[in-house]
Amino acid sequence: MSFSVNPPPKQYVYNSLIIKEGEPEHILAYALYKVHKNKVIKQARHELWSGSQLALQLKSLHDSVIQQEGMRQHFYQQAREMSEKFVTETKERIKRDAVSEYQEKVAQYRRIITPPWVKFVKWLGVGLSGLIASVVVIVMLTGFSALFLGKEGRTQIAVAAGKTIFKILNSDIPVADHLSVDKYK
């Protein structure tokens, strides 16, 4: 009579952590276990552990997850925290994107609904400001020059400035002056 002792079947961390196949928390907990295992391997390489030391450490990690409910709960807790963080960050990103998209739509709408006469008045204001700036510069330069001239020089400067301003105001307007009614009489 021979006794054959069969070794107990190998237990897998996968089966210990993933109790429900489609449960995201369980899958994430297993992924976090694998990340932890990888850190142990990296630490072993960095600290130049022997192969037997590394094997012992990995077996200890493996067995502790299978045998200790606390270790499994630790990975589940990490998975829940990571899931909550992911959900929170995703919600915030969606809100930021929605607000940004809304602001862009409002800006597009404003560009579309701006009446043409408002656009024309803005355009005219820009041109008119340039004309006014030219007149102001002429007046200021004339006044500054008049400080250093005598009475006769000031009179000549004022007359010259007046003529320059009159020329600016009476300059040729390309379309309006060429289609003038007086021209066809």
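Taking a sphere under 12 Å around the Cβ of H26 and counting the other residues whose Cβ falls inside, with K and R at +1 and D and E at -1, yields a net charge of 0. Here the sum of -39500 (n - 2.57) over DSSP H runs of 4 or more residues, divided by the residues of the chain, equals -27000 deg cm²/dmol at 222 nm, to the nearest 500.
In this label model, V159 and E47 are separated by 10.2 nm, measuring between points 7 Å along each Cα→Cβ vector. Screening the chain for DSSP H helices whose Cα atoms reach 15 Å or more along their own axis and whose mean Kyte hydropathy is at least 0.5 gives 116-146. Taking all Cα-Cα distances within the chain, those exceeding 25 Å account for 72%.
Grouping the Cα pair distances of the stretch 38-133 into 5 Å bins from zero gives a pair-distance distribution of 2, 10, 8, 8, 8, 8, 7, 6, 6, 5, 5, 4, 4, 4, 5, 5, 4, 1 percent in increasing distance order.
Residues of the chain were split at every exposed loop site, defined as GluC sites (Glu not before Pro) in a DSSP loop with at most 13 other C-beta atoms within 10 angstrom, and the longest piece left, sites excluded, is 48-185. If you wrap the tightest convex hull around every Cα atom of the stretch 1-82 and split its volume per residue, you get 114 Å³. Extending 7 Å from Cα along the Cβ direction at Q103 and again at S83 yields two label points whose distance is 3.4 nm.
Here each label is just a point 7 Å from Cα along the line to Cβ, and for L141 and I168 those points are 0.9 nm apart. Length gained on full extension, V40 to S134: 26.1 nm, using 0.36 nm per residue less the C-alpha separation.
Every read-out reported here was derived from the displayed coordinates using simple, explicitly stated rules and does not represent laboratory data. Since we're looking at a predicted model, the values are computed, not measured. As a convention, Cβ positions derive from the backbone with ideal geometry for all residues, glycine included, and neighbour counts pool all protein chains shown.
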